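Student: The structure follows.
The values are calculated or read from the model by the stated rules, or taken from the named source; none is laboratory data. These numbers were taken from a predicted model, which means no experiment stands behind them. All Cβ positions, even for glycine, are placed from backbone atoms using ideal geometry, and neighbour counts span all protein chains on display.
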Amino acid sequence: MPLKFSQIWTAPNEITLLRLIFIPFVIMNVMGGDYRWAITLFLLAGASDALDGSLARLLKQKTVLGQYLDPIADKLLLSSCFLVLSFEHKIAWKFTVLVLSRDICIVAISGALYATNALRDFRPSLYGKLNTAAQVLTIPIVMAREIYTQSWLVEAKAIALWTTFALTLVSGVHYILVTGQRLRDAQARGPSAAS
């Protein structure tokens, strides 16, 4: 399906774009120390993510633009939250550096392959989906730890962060291995197989 400008006006894609509006407000509330608002806005953004996917299936409005826009919106929200929470000393920098490094590498590799027509298939793997899910769970747990004092939240925060750390490593290595294999397969089948 070719990419058309009109695809931006579908309801799911508009909701995805709306999700981007949440990002500065989440950041402002974290920096202002208002974690109740920050976590509320983050959860609303998460709900919009579920809504746009459901609408795309229900209304049969899956588009090429949406396939790219949805993960970009997710990554911008998650990366922004990891960054600001590290600046506020709520997440150790080693977690944020690893998360951002993986995402930057994947975007750079995907962009280069797409631009050169070497490969066009960038579907997320199971490990990538698990990694995103871990990040989505980690952010509200970290924020909740700033609101509530229950001891179990300290353990939950540590488990969530180290789970994210492990899945970030695994999914990054898996992406490189799978992309390499897809490139070799595409080259073996000829130039037309990559598109």
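Student: Do we have any residue at all in the range 71-91 that's over 24 Å from Leu44 (Cβ atoms) and either touching a strand residue (DSSP E or B) at 6+ places or on another chain (Cβ under 6 Å) or modelled with pLDDT of 95 or more (or both)?
Tutor: Yes, because at least one residue in the range 71-91 is over 24 Å from Leu44 (Cβ atoms) and either touching a strand residue (DSSP E or B) at 6+ places or on another chain (Cβ under 6 Å) or modelled with pLDDT of 95 or more (or both).
Student: Could you check the range 139-180 and list, in sequence order, the residues that are over 26 Å from Ile23 (Cβ atoms) and over 21 Å from the mean Cα position of the chain (by Cα)?
Tutor: If the condition is that a residue be over 26 Å from Ile23 (Cβ atoms) and over 21 Å from the mean Cα position of the chain (by Cα), then Thr149, Gln150, Ser151, Trp152, Val154, Glu155, Gly180 are the ones that fit.
Student: Further question on the same structure: Can you spot a residue in the range 164-179 that is out of contact with any strand residue (DSSP E or B) (no Cβ under 8 Å at 6 or more places or on another chain) and closer than 21 Å to Met31 by Cα?
Tutor: For the range 164-179, residues out of contact with any strand residue (DSSP E or B) (no Cβ under 8 Å at 6 or more places or on another chain) and closer than 21 Å to Met31 by Cα: absent.
Student: Just name the residue that is modelled with the highest pLDDT out of those in the range 58-70 that are surrounded by fewer than 18 Cβ atoms within 10 Å (Cβ to Cβ) and within 14 Å of Thr16 (Cα to Cα).
Tutor: Lys62
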